[in-house]
Structure formats: C-alpha cells, structure tokens
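Beneath this line is the structure, given in structure tokens, with notes to follow.
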Amino acid sequence: MNLLNLRPWLTLLAVIWLLASLGLGWLVNSLLIIVGLLFLAPIVAFFGFRWWLQRNLVADQCPVCRYEFTGLNNSQLQCPNCGESLLVQNSHFQRFTPEGTIDIKAVEVPAKSLED
C-alpha cells in the first residue's frame, strides 16, 4: 500500500488532533457543524418545498368551460382556455366576482304552448 495516498488524510487528522489538544476543539466542532449544515440545508429545502407544493397545488376544472388545469391555493388566476378570472380557494376554482357583482346561474325553462 502506498503511503503517499494517505498523506493528506493523515495530515488532516493530525491538524484536528493538534487543535483539539490545544483547547480549540470548539473551532473544530463549529467547522464540522457548518460543513454539516451546508450539506443538510439543500436536502431540507428540497423536501420542505415538496411538502409545501403538495399542500398548495390544486388541480381542478374551470367552473365555466370545464377545462382542467392546476393553480396555487389562495391565488387569483385566469383560465387558459376561456380566459375567465378565477379564484382558488379551499382546493377548488371559483369565478372571481368583483365587489357588488351578483353571480347568477341561468336555468332554461321550457315554454308552454298556447294550445295546452
């Protein structure tokens, strides 16, 4: 086995041992914590973003044209198919109506003929 390959690792181990014996163990521990956080932070951010996205991404149909698409919960968006302004609330798309607007549904009533 070639000792030249182990030389950098043995040097690092010797420096850490020397710092710890001089009472600078807190410096070694803080450097190890910082390096650990640098490796751990992206992993936590990735899983945190996935958790947030699963809770806030809504897949539903437009109430006007029944086109299915996705949006973020508690946001206002526009249907890509019909252009209707929509509000995403409680994991469903609702028509956005400005204050003072009355939203109604039209119901078709069959006409009676005069002969009846």
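The values are calculated or read from the model by the stated rules, or taken from the named source; none is laboratory data. What you see is a predicted model, and the numbers here were worked out from it, not measured in a lab. Because the Cβ atoms are built from the backbone with ideal geometry, glycine has one as well, and the counts that use them run over all protein chains shown. Keep in mind that these areas ignore ligands, DNA and RNA; they rest on the heavy atoms of the full protein, side chains included. Shrake-Rupley method; radii C 1.70, N 1.55, O 1.52, S 1.80 Å.
Here are the numbers for this structure:
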item	result
Test result for G23, without any contact (Cβ under 8 Å) to a residue 24 or more places away in the chain, farther than 30 Å from N74 by Cβ and open to solvent by less than 100 Å² (accessible area, probe 1.4 Å)	yes
Members of the range 38-89 found to be within 18 Å of D103 (Cα to Cα) and among the hydroxyl-bearing types (S, T, Y), listed by number	S85
Of the criteria (1) among the aliphatic types (A, V, I, L, M); (2) in contact with a helix residue (DSSP H, G or I) (Cβ under 8 Å, 6 or more places away or on another chain); (3) open to solvent by 60 Å² or more (accessible area, probe 1.4 Å), which one L10 fails	(2)
The range 89-113, residues that are of a type in the set (V, I, T) and more than 38 Å from the chain's Cα centre (by Cα)	V107, V109
Subset of the range 84-99 [closer than 11 Å to N74 by Cα, open to solvent by less than 50 Å² (accessible area, probe 1.4 Å) and not aliphatic (A, V, I, L, M)]	F93
